[in-house]
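For reference, the structure is listed below as structure tokens.
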Amino acid sequence: MLFNSYEFIFLFLPVTFFVYFWLNKKRLTQASKAWLVFASLFFYSWWNIIYLPLILGSILFNFAVGSTISKMNIVQKKRISPKVMLAFGIVSNILLLGYFKYMDFFIANTNMLIGTQWDLMHIILPLGISFFTFTQIAYLVDAYRNEVKEMDYLNYTLFVTFFPHLLAGPILHHKEMMPQFDSIKSKAINYRNIAAGLFLFSIGLFKKVVIADTFAQWANAGFETTQALNLIEAWATSLSYTFQLYFDFSGYTDMALGVALMFNIRLPINFNSPYKARNIQDFWRRWHITLSRFLRDYIYIPLGGNRNGEFKTYANLFTVFLVGGLWHGASWMFIIWGALHGTAIVLHRAWQQMGLKMNSILAWFITFNFINITWIFFRAKDWDAAKNILSAMSGINGILLPEKYAKYFGDFNNTLIQFGSVYEHINGKAQTTVYIILGFIMVLTLKNSMQLWDSFKPTRLNLVFTIAIFLTAVSMMSRVSEFLYFNF
Amino acid sequence: MHTKKWITFFIVAALSVMIAVSGINWVINPYNVFSHGLDNFAPKKTNVLSDRMSKFYIAKNLKPKTIMMGTSRIGLFTEAQLSPYLEGPIYNLSMAGSTIDEQAAYIQYMLKYENIKNVVWSLDFFAFNPTKPTDAAFQPERLSETIYWDDYLISLYSFKTLSRSFKTVKKNLFSVQEPEPMGQPFSRDKVEFNIAYILNQYATDTTFLNSKIFHDPSSIDPKIEVVKRTVQLCRENNVTCVLYTSPVFYQHIDMLYALNLGATFEYWKQELALIGPYTDFCTYSALSKEVMQFRDSSHVIGDVGALVFARIFSKRTPNVPADFGIPITSQTIQTHLNKQRNLVHTFSHSSPITTIREGQ
């Protein structure tokens, strides 16, 4: 089920909310948690019930392995070491993810490399598998580190399946979630949380339905016609995707945080104005924060972090970003994207080590353009498509300006510059430029939703603002589109 | 402001606006989705979202006995032109730019859910092109579900729909001048320009209009199969399915041969003859050379509809040129194709206007 759907907003959410708090009011706290689990699984199965046994099996397996590891940590004499059990758990999770997400990629590359003729399996990616697998791997590692204090199956299932985060994160940590499910405070209706939740949810819905989906039409058209793009179209395509991705994913996260807050659950923040970043490290502290945290805690640090000299640190950083790229999908384009970011982070660290400084505006300019250009690899269907857009962005395909500028630059016609319909290939219009400028203004000058949440007060102004953006977004919901991160 | 009051205001205000907007849109019904009859004060719906959506609901609500199906070619003809020959209500359910699959899907829906008696199906050669993309506005789900909620939701709560509701009322109550409809006559210069422009587009396009795949006659087999299956379904449901090919300007046929599409074009006619008898208007005739009977190289003017239906349904057709509309069966198709092939002119797409003028 999508957050930006009528069935979610007007049926699922109100019913789940009222039944949950009614059960809590009757002091049926276990039943209320069971209800949330049931509602979350219903939410998960809405599209395709076929993968319900998969997620349930995965939860049962990981809980069993996690509990066993925790018990092993207590028992002095053990037949199998906790480390072996942990390795078994992690390998099983990776195999599951590998089968569903990477099998066809593996087969296609094997066929290409050694000439085999294996048929592709065309496996449909179960929704949210990358998210619930990573969440549970973290749980197993923490069990091994003896950091898991609670062993309640219902709480664990709720922690993994809680519907606001199930499909596209944030990637949760059991330590920050499981105590909240047991907190007495979370059992009673909290009007302040509901108001803040409605406020956040409306912002997220507006970001997704009104802003991201508007940029999506130009980004999608541009990435479909990469060969034909002119200079302005290519830049509009890449910038549209840069804005679409941010508003889509951060919009989803705002909605997830808002909905969870209505249930008195605080999810970790995932975005903090990432396009304001002045270096690549800063960007990764602001973009998909919970993924960065996972990669740091469960890959970078176990690899040795920065403890084994500069060269090993660079290698670890690069590896982390390669894994991050591959996590997003089974494609060489994601690996290239990860490698580019890995290289950038290594260069940034080397720059820092040398004690060099840079003007902050220039630093922002370089960082933003690097991110914008690397998103092209992230979005393009293959290398040629990415190359076409980059070529067009460099001006190789020529410069096409709107007819109205012919009177100023007419002398250059047919040599450097041509005149005509500028946004034809991306189904754009004159307002496309205005929207892109507005996109910059929004990401660079306005407060982000987390800052707005921090300062939220139930004032009349906020009421009018929330009603206006909610109604506008719902009014445009008929062009239903999935969230980009559902694919990862 | 007290938080509880804030939440109450939010819910009440949001719901009130949604109910008010939905109510206005429901009554004015700008996309023709509802059939409550309360919108009689604004019957002209000129601000629809897409023809594909609105025409579908008009057809559903009208419960026609006869439907006209095809692309914009039959779209220019009127129900009144057909009414002397077939049982009413008649509805022109044609969809501009539609593929054969889309047209068949609508016919099959009407066969399944509505009590239709006749289908008049205008067949266009380019609707059989396997590389022709389906129009983005076509929603197969609309035809596969008894209630397609998306259409109802977008027709109820949307500010865009509200704005169109107001425009609909304004146009109906204050008679705002409409832009020129498709059926208005063009000047000779305009028609000549249109013919040259369209022929040039077909001839120089390298994508779907003149794709290499289409040069292989067997590439249209799946589309032929769709027609065959739909005609069969009509027979099984005791529905009369009348087939004809749409008239085109003579140079349009010359162009097909010049583009090496002649083999596919002939194969198309041959395979249609195997499905059942039809009337071929897509061939050389006296009318096919009369510039002023056309809007462009593949669209005749709306008035020609009367001649088309007279030729198909009436035995006495004194006003119809004798060679306009040839009845085709599997027995006569080869002779007809040989005759057509002998009439092909040399086509030059580089200067079609000159060629048109020289041809007069």
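The values are calculated or read from the model by the stated rules, or taken from the named source; none is laboratory data. Just so you know, these numbers come straight off a predicted model, no measurement behind them. For neighbour counting, all protein chains shown are included, and Cβ atoms are generated from backbone atoms with ideal geometry for every residue, glycine included.
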- The listed residue being within 22 Å of the chain's Cα centre (by Cα) and not hydrophobic (A, V, I, L, M, F, W, C), out of A:Gln117, A:Gln136: A:Gln136
- For B:Phe166, state whether it is at pLDDT 90 or above and in contact with a helix residue (DSSP H, G or I) (Cβ under 6 Å, 6 or more places away or on another chain). no
- Item | Selected residue (criterion: nearest to the chain's Cα centre (by Cα)) from residues of the range A:246-294 that are over 25 Å from A:Ile441 (Cβ atoms) and of a type in the set (Phe, Trp, Tyr) | A:Phe294
- Query: Restricting to helices (runs of 4 or more DSSP H) lying wholly in the range B:42-116: which have 2 or more residues that are closer than 22 Å to B:Ala306 by Cα and in contact with a helix residue (DSSP H, G or I) (Cβ under 6 Å, 6 or more places away or on another chain)?
  - Reply: B:79-82
- Only one of (1) surrounded by 16 or more Cβ atoms within 10 Å (Cβ to Cβ); (2) in contact with a Phe, Trp or Tyr (Cβ under 8 Å, 6 or more places away or on another chain); (3) farther than 29 Å from A:Leu295 by Cβ; (4) of a type outside the set (Gly, Ala, Ser) fails for A:Asn397. Which number is that? (2)
- Over the range A:2-26, the set of residues out of contact with any Ser or Thr (no Cβ under 9 Å at 6 or more places or on another chain), surrounded by fewer than 19 Cβ atoms within 10 Å (Cβ to Cβ) and β-branched (Val, Ile, Thr) is A:Val15
- Task: Please work out if A:Ile396 is among the β-branched types (Val, Ile, Thr), modelled with pLDDT of 80 or more and part of a loop (DSSP other than H, G, I, E, B).
- Result: yes
- Query: Is at least one residue of the range B:351-359 modelled with pLDDT of 90 or more and closer than 23 Å to B:Val291 by Cβ?
  - Reply: no
- Which of the residues spanning the range B:1-28 are within 18 Å of B:Lys170 (Cα to Cα) and within 12 Å of chain A (Cβ to nearest Cβ)? B:Val21, B:Asn25
- Item | Condition broken by A:Lys357, with the remaining ones in (1) exposed (fewer than 15 other Cβ atoms within 10 Å of the Cβ); (2) touching a Ser or Thr at 6+ places or on another chain (Cβ under 7 Å); (3) of a type in the set (Lys, Arg) satisfied | (2)
- Given (1) surrounded by 17 or more Cβ atoms within 10 Å (Cβ to Cβ); (2) within 14 Å of another protein chain (Cβ to nearest Cβ), number of the condition B:Leu143 does not satisfy: (2)
- Look through A:Leu158, A:Leu198 and report the one residue that is among the aliphatic types (A, V, I, L, M), over 19 Å from the mean Cα position of the chain (by Cα) and more than 14 Å from chain B (Cβ to nearest Cβ). A:Leu158
- Task: Give the range B:54-90 a look and list any residue that's of a type in the set (Phe, Trp, Tyr) and surrounded by fewer than 23 Cβ atoms within 10 Å (Cβ to Cβ), or say none.
- Result: B:Tyr57, B:Tyr85
- Message: Can you find a residue that is surrounded by fewer than 20 Cβ atoms within 10 Å (Cβ to Cβ) and of a type in the set (A, V, I, L, M) anywhere in the range B:118-134?
- Response: no
- Item | Residue within the range B:29-44 that is in contact with a Lys or Arg (Cβ under 8 Å, 6 or more places away or on another chain), among the β-branched types (Val, Ile, Thr) and within 14 Å of chain A (Cβ to nearest Cβ) present | no
- Task: Scan the range A:144-151 and give yes if some residue there is within 28 Å of A:Ala31 (Cβ to Cβ) and either among the β-branched types (Val, Ile, Thr) or assigned to a helix (DSSP H, G or I) (or both), otherwise no.
- Result: yes
- touching a strand residue (DSSP E or B) at 6+ places or on another chain (Cβ under 6 Å) and surrounded by fewer than 22 Cβ atoms within 10 Å (Cβ to Cβ) - does that describe any residue in the range B:256-267? no
- Query: Within the range B:40-49, is there a residue that is closer than 22 Å to B:Asp303 by Cβ and either out of contact with any strand residue (DSSP E or B) (no Cβ under 9 Å at 6 or more places or on another chain) or aliphatic (A, V, I, L, M) (or both)?
  - Reply: no
- Task: Would you check which residues across the range B:118-163 are of a type in the set (Ser, Thr, Tyr), out of contact with any Gly (no Cβ under 6 Å at 6 or more places or on another chain) and either under 26 Å from B:Phe309 (Cβ atoms) or modelled with pLDDT under 85 (or both) and list them?
- Result: B:Thr131, B:Thr134, B:Ser144, B:Thr146, B:Tyr148
- Message: Of all residues being touching a residue at least 12 places away in the same chain (Cβ under 8 Å), part of a helix (DSSP H, G or I) and within 14 Å of chain B (Cβ to nearest Cβ) in the range A:421-463, which is surrounded by the fewest Cβ atoms within 10 Å (Cβ to Cβ)? Just the residue, please.
- Response: A:Asn462
- Query: Do we have any residue at all in the range A:245-253 that's touching a Ser or Thr at 6+ places or on another chain (Cβ under 6 Å) and either among the aromatic types (Phe, Trp, Tyr) or free of Cβ contacts under 8 Å to residues at least 60 places away in the same chain (or both)?
  - Reply: no
- Going by the conditions given, is A:Pro82 more than 21 Å from the chain's Cα centre (by Cα) and in contact (Cβ under 8 Å) with a residue 12 or more places away in the chain? yes
